[in-house]
Amino acid sequence: MKKILEVKQLKVYFLLRRKIFKPAQVVHAVDGITFDVYEGETLGIVGESGCGKTSLARSLVGLTKITAGSVIFREHKHLETASDLEWRSLHREIQFIFQDPVAALNPRMTIGEIISEPLKSYFPHMDKKEITVAVLDMMQLVGISTADINRYPSEFSGGQCQRIAIARALILKPKLIVCDESVSALDVSIKAQIINLLKDLQRQLNLTIIFISHDLGVIKHISNRVLVMYLGNIMELASRDILYSKCHHPYTKALLSAVPVANPLVERQRSLHILKGDLPSPINPPVGCVFSCRCPLVDDNCRAARPQPLVTDDGSLVACFKA
Ligand SMILES: Nc1ncnc2c1ncn2[C@@H]1O[C@H](COP(=O)(O)OP(=O)(O)O)[C@@H](O)[C@H]1O
Ligand code: SF4
Ligand SMILES: [Mg+2]
């Protein structure tokens, strides 16, 4: 399979404003992660709030500066050194869909204006008729009635607004879309509709999707492979089926055991793994394993050295001395 994105030792750090008589503090939001994304797949990225998912997403679409490491798009384009001008042309191929669809749409523009805006900006030679045809096609594709082209975002529900945001993201026919908590603000039934829509569009348009969520249920539904993040690091990267049936990492086990289940017998067993305590501060990450202060299997070795992700017999990537 062809790689569309190669992420190598990616770091996204934030320097906090210096307080008087105190040393400068650095937030290690993404702390040296390496993974590939393959053409046509959906890579799910999951982890607790604050583990660095949004910082990673924003760095991949040029909205947050990459501190160190490299990201190579389509085997030749280095994103970490791309200028604003280069990002403008990259955004024809890399698009993003964020959490709050209502906030993402300009309330003073009609749906037609919102969806056509990228076309007008990137293809100024297109005439009005061509643009209208492209917008109507896209509205049909995402399931918005073409009769609504002159209506405003405030006249639509959250789910419909997310469809409009998807239409705007896809109108330039990108190769890769990064979705950050794109269904988190929606009701359960609408969530399922939008996920199914993304899966359909992926097949039709040969899209690659990086889908970020804190919700393991949503990630299971949409992903081919899943990357589990903790405190800016990769804990585990595995195919969806392996991750949800026989994961290796104590953190993944804890996350999965915290997902509510209907069966009371399973319910009793799962409490053994439930996570205790909070995510440590990314300002002073542990010297050893980042999960060491919450891991039930921790020993002195885990506190002294940081395990690097290694390939297991089943092809997963796992960062744990005992996996
Ligand atoms: N612009 C910023 N300045 C300083 N710290 C930030 C900034 N953005 C995110 N952070 C911090 O980086 C860490 C990771 O945040 P984020 O990437 O939003 O995680 P997630 O999306 O997984 O909740 C958090 O500790 C957050 O407070
Ligand atoms: S390396 Fe040690 S502390 Fe870290 S996850 Fe594995 S067992 Fe737990
Ligand atoms: Mg986030």
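Summary table below
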{"item": "Positions within the range 226-244 being over 25 Å from residue 67 (Cβ atoms) and either among the aromatic types (Phe, Trp, Tyr) or modelled with pLDDT under 95 (or both), in sequence order", "result": "244"}
{"item": "In the range 20-46, the residues that are within 13 Å of ligand 1 (Cβ to nearest atom), in contact with a Pro (Cβ under 9 Å, 6 or more places away or on another chain) and within 24 Å of residue 241 (Cβ to Cβ)", "result": "33"}
{"item": "Filter result for residue 49 (under 25 Å from residue 277 (Cα atoms), in contact with a strand residue (DSSP E or B) (Cβ under 8 Å, 6 or more places away or on another chain) and near ligand 1 (Cβ under 8 Å from one of its atoms))", "result": "no"}
{"item": "Candidates 11, 2, filtered to the one that is surrounded by fewer than 23 Cβ atoms within 10 Å (Cβ to Cβ) and either away from ligand 1 (no atom under 14 Å from the Cβ) or of a type in the set (Gly, Ala, Ser) (or both)", "result": "2"}
{"item": "Test: residue in the range 139-157 that is open to solvent by less than 10 Å² (accessible area, probe 1.4 Å), in a strand (DSSP E or B) and more than 16 Å from ligand 3 (Cβ to nearest atom)", "result": "no"}
{"item": "Any hit, the range 181-188, residues being assigned to a helix (DSSP H, G or I), over 20 Å from residue 47 (Cβ atoms) and more than 16 Å from ligand 3 (Cβ to nearest atom)", "result": "yes"}
{"item": "Selection count where residues are of a type in the set (A, V, I, L, M), within 16 Å of ligand 1 (Cβ to nearest atom) and outside any helix (DSSP H, G or I), scope the range 189-222", "result": "2"}
{"item": "Counted residues, the range 32-54 - those being in contact with an Asp or Glu (Cβ under 7 Å, 6 or more places away or on another chain) and not in a helix (DSSP H, G or I)", "result": "1"}
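Quick grid of which residues meet (1) away from ligand 2 (no atom under 16 Å from the Cβ); (2) over 30 Å from residue 158 (Cβ atoms); (3) modelled with pLDDT under 95; (4) part of a helix (DSSP H, G or I):
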{"residue": "11", "(1), (2), (3), (4)": "yes, yes, no, no"}
{"residue": "30", "(1), (2), (3), (4)": "yes, no, no, no"}
{"residue": "59", "(1), (2), (3), (4)": "yes, no, no, yes"}
{"residue": "86", "(1), (2), (3), (4)": "yes, yes, no, yes"}
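The values are calculated or read from the model by the stated rules, or taken from the named source; none is laboratory data. Keep in mind it's a predicted model, so treat the numbers as computed, not measured. Don't worry about glycine lacking a Cβ; one is built from the backbone with ideal geometry, like all the others, and counts go over all protein chains shown. What goes into the accessible areas is simple: the full protein's heavy atoms, side chains included, and nothing from ligands, DNA or RNA. Shrake-Rupley method; radii C 1.70, N 1.55, O 1.52, S 1.80 Å.
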